[in-house]
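Everything on this sheet refers to the single structure shown next.
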């Protein structure tokens, strides 16, 4: 029975291997892409609803702030206070009416009216020419909230004058004592907000609309639905209306006028309204459907390309395999020849590995001795470094002592100079005393006998002054000699201090060099220790290589038997590839070609290969890498 060929198996298996994962991945990708795009579109729609709701919130907040500022004006408080105390007549009410008229003039497009309400809920002034004066608003929810001190946006309603949707915003007015005296109200036109919202477009079919607290449409592209339709009562929209009225944020599917839609909604907290953004589901899911169709098209194209590639791949495999079968027939004979060469080479390698192991063992012993000597040198260097540090401390202390001695000699020199100045002062005093004694002798001579005694005293004083001058002269000469000697001694002390400073500097340099030598010795000891460890590991590896070489020699002997098994395997391979058994020779092997190919095997060289030599050279460690030295550090030697 003829078996299936390898080409048929590769083609069938390749197509199935691609088709099944492609179908699984395609379905998974379509579902995931659809879900991801749907979630992304829902998030984007929800973000639009939130943004529009925030915009509406900001607009209404500005209106509430504006009406609060209008109610807080001094003219408003004065007019309503006057009204509560004396009646509606007076300049205050006229000023308030003018203020409201000016407000209407600036905001006529947004407001239908601006009115002032007394504390009983009656309109007493407005900005539209008094058209609303006298109307009672006490039952309005926004006036009721104002009496309670709150400012709210009232329930929207249809204007009786224009027929358009309006909403009142009312703020309380109090007197200086905080009592409620009235309110200011603005009647807003909601069509302005509706125009701003409906101008926003979402795709081709999407649009936003505004829903009130009771589910009534407050803004919608279809103006005929505003204040006329209650979405909570529209079939198919009950769920989305209920969630919107509850102030929730989310996305819902619903049906409106027979069209399936998807809507996102977000609340406007200040008013209790809800902003809804709706879009047809077909347009909403258009991107997901486009991705699904693209995946299907790409998958079909990929399947066709894969089938062609598998056919080419199967052909490219079977042709070389047929050639390989022929080569294997030659290879089985060549393996037998090569096994004998490998056996001989393995024996030679085992002998060389044994010799190498003996050499490495001797090298390891020598390195252990070098490691011991290097460690001893490192210890001696550390001791020398410690002694140099102590010497540096002693030299530093001597240098400090010389500095203090220099300062002391300077102070002695200054004291000698001061003493010299004192001697000069004594000399001057003796000179002046001598002059006084001469003057006294002259005066005694003029006095005659009456001044004889005074003359004797003057003569003694002059003798004393001369002796003092002589003593001061001798003392000055001695002190000048002493000052010169002190100065010479101070110079010698300064020179000695400079010499000590030089000794300290050189000692510090020597200490630094000894520290570097100690550090280098420690690094050298560590490096030699690492080399010793590496040589020990090399010894182990060499012993292992010797054992492996012997095992390789025995394994080569088994290759001959395996060559016979290879012939049987080649026959099995021919059955797998071609579906038929090959022709065998009488020896049990497949028939061989007449010409034999060269085995390409050569006897291994006795020495190491260039690559191995380069690897060993790259691993060599130079001495300067173990002990880094800088010639500039020895410049003083």
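The values are calculated or read from the model by the stated rules, or taken from the named source; none is laboratory data. Predicted model only: the values in this text are computed from it and were never measured. Counting neighbours? That spans all protein chains shown, and the Cβs are built from the backbone with ideal geometry, glycine included.
Overview of values
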read-out	value
Tally of residues being crowded, with 17+ Cβ neighbours inside 10 Å and in contact with a helix residue (DSSP H, G or I) (Cβ under 7 Å, 6 or more places away or on another chain) across the range 76-93	7
Condition check for residue 500: closer than 30 Å to residue 403 by Cβ, surrounded by 14 or more Cβ atoms within 10 Å (Cβ to Cβ) and either at pLDDT below 80 or touching a helix residue (DSSP H, G or I) at 6+ places or on another chain (Cβ under 9 Å) (or both)	yes
Those residues of the range 94-116 which are without any contact (Cβ under 8 Å) to a residue 60 or more places away in the chain and touching a helix residue (DSSP H, G or I) at 6+ places or on another chain (Cβ under 6 Å), in sequence order	95, 96, 99
The range 246-300: number of residues that are in contact with a strand residue (DSSP E or B) (Cβ under 7 Å, 6 or more places away or on another chain) and modelled with pLDDT under 75	1
Only one of 371, 365, 381, 340 that is assigned to a helix (DSSP H, G or I), out of contact with any strand residue (DSSP E or B) (no Cβ under 9 Å at 6 or more places or on another chain), loosely packed, with under 14 Cβ neighbours inside 10 Å and modelled with pLDDT of 75 or more	365
Flag if residue 54 is within 35 Å of the chain's Cα centre (by Cα) and at pLDDT 85 or above	yes
Wholly within the range 176-288, helices (runs of 4 or more DSSP H) carrying at least 1 residues that are farther than 26 Å from residue 41 by Cα	190-198
Filter result for residue 476 (out of contact with any strand residue (DSSP E or B) (no Cβ under 8 Å at 6 or more places or on another chain), under 30 Å from residue 409 (Cα atoms), surrounded by 12 or more Cβ atoms within 10 Å (Cβ to Cβ) and touching a residue at least 24 places away in the same chain (Cβ under 8 Å))	yes
Where residue 67 falls short, out of the listed (1) in a helix (DSSP H, G or I); (2) touching a residue at least 40 places away in the same chain (Cβ under 8 Å); (3) surrounded by 20 or more Cβ atoms within 10 Å (Cβ to Cβ); (4) in contact with a helix residue (DSSP H, G or I) (Cβ under 7 Å, 6 or more places away or on another chain)	(4)
Any hit, the range 301-309, residues being surrounded by fewer than 17 Cβ atoms within 10 Å (Cβ to Cβ), modelled with pLDDT of 75 or more, touching a strand residue (DSSP E or B) at 6+ places or on another chain (Cβ under 9 Å) and in a helix (DSSP H, G or I)	no
Set 356, 376: member being surrounded by fewer than 16 Cβ atoms within 10 Å (Cβ to Cβ) and assigned to a helix (DSSP H, G or I)	376
Every residue from the range 156-169 that is assigned to a strand (DSSP E or B) and under 58 Å from the mean Cα position of the chain (by Cα)	157, 165, 166, 167, 168, 169
